[in-house]
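This report refers to the structure that appears directly beneath it.
Each reported figure results from applying straightforward, stated rules to the coordinates on display, with no laboratory input. Here the structure is a predicted model, which is why all the values come from computation and not from measurement. Reconstructed Cβ throughout: ideal geometry from the backbone, glycine too, with neighbour counts over all protein chains shown.
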Amino acid sequence: MKALVLNINPARWLRAKGAMALRGVRGAWGPLGTLALRDVAVPALPGAGWVRCRTRMGGICGSDLAALTLRTPPDSLLAAYSSTPAILGHENVAEVVELGEGVESAWLGRRVCVEPTLGCRARGVEPLCPQCEAGRENLCEHFDGSGGRFALPAGTSTGYNSRTGGSWGEFCVAHVSQLVPVPPGV
């Protein structure tokens, strides 16, 4: 599949910073930058309870722009909570095109938004950490990739995790707990 892939490491970050000094923000992508259009494998379903989604719309936000324009150094605190190379895109509308084991058939063909947070439910961590148990998945104690039966790498969300893909690619995967139905009239 085609995808916009973000790949940041210290050497690439320095090279892209140099390219940006010469070419402006356009230096952030392409052969010297951190973002490039690539042919990549379609993300595999991590396990039971997961679905594959075909991207219909992928958004862009301030955190994406900060990553693309290298406003965050590659060794910042955020690096501990993301894994690259990653297909960006944590804001999306998608269609469920494949069901993993244990997912209700009603999801197939349905338009959804994927709530991007990869908390304990999506990671298969049991028991849930206190934050996820209280409904605060955005503060999950397992963003560093520790624990869980699905063995997801570090990453706070879809789009910042090297295994799930994001909406800047043709497909991504999501745990059924992340799916929010989009009504037909929207």
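General observations
- Counting only alpha carbon atoms, the long axis of helix 10-23 and the longest principal axis of the chain meet at about 60°.
- Left without a cysteine partner by the 4.7 Å Cβ rule in the chain: C53, C61, C113, C129, C140, C172.
- A viscosity of 1.002 mPa s and a temperature of 20 °C, combined with the Kirkwood radius over Cα pairs in Stokes-Einstein, give a translational diffusion coefficient for the stretch 39-137 of 137 µm²/s.
- Whole-angstrom gap from the stretch 113-180 to the stretch 1-64, using each part's C-alpha centre: 19 Å
- Volume of the convex hull of the chain (Cα atoms only), normalised per residue: 115 Å³.
- Computed lengthening from A48 to C61, 0.36 nm per intervening residue step minus Cα-Cα distance: 1.6 nm
- Scattering profile of the stretch 10-68 at q = 0.28 Å⁻¹ [log10 I(q)/I(0), Debye over alpha-carbon scatterers]: -1.12
- Computed on the chain, with alpha-carbon pairs under 8 angstrom and 6+ residues apart, the relative contact order is 28 percent.
- Above 19 Å, the calculated P(r) of the stretch 118-186 contains 33 percent of its Cα-Cα pairs.
- Taken about its Cα centre, the chain carries a charge dipole of roughly 760 debye when the Cβ of each Lys and Arg holds +1 and the Cβ of each Asp and Glu holds -1.
- Relative protection proxy for 99-105, 59-65, 123-129, from highest mean packing down: 123-129, 59-65, 99-105 (other beta-carbon atoms within 10 angstrom).
- Sorted peptide list for 89-97, 114-122, 132-140, criterion being average Cβ within 10 angstrom, highest first: 114-122, 89-97, 132-140
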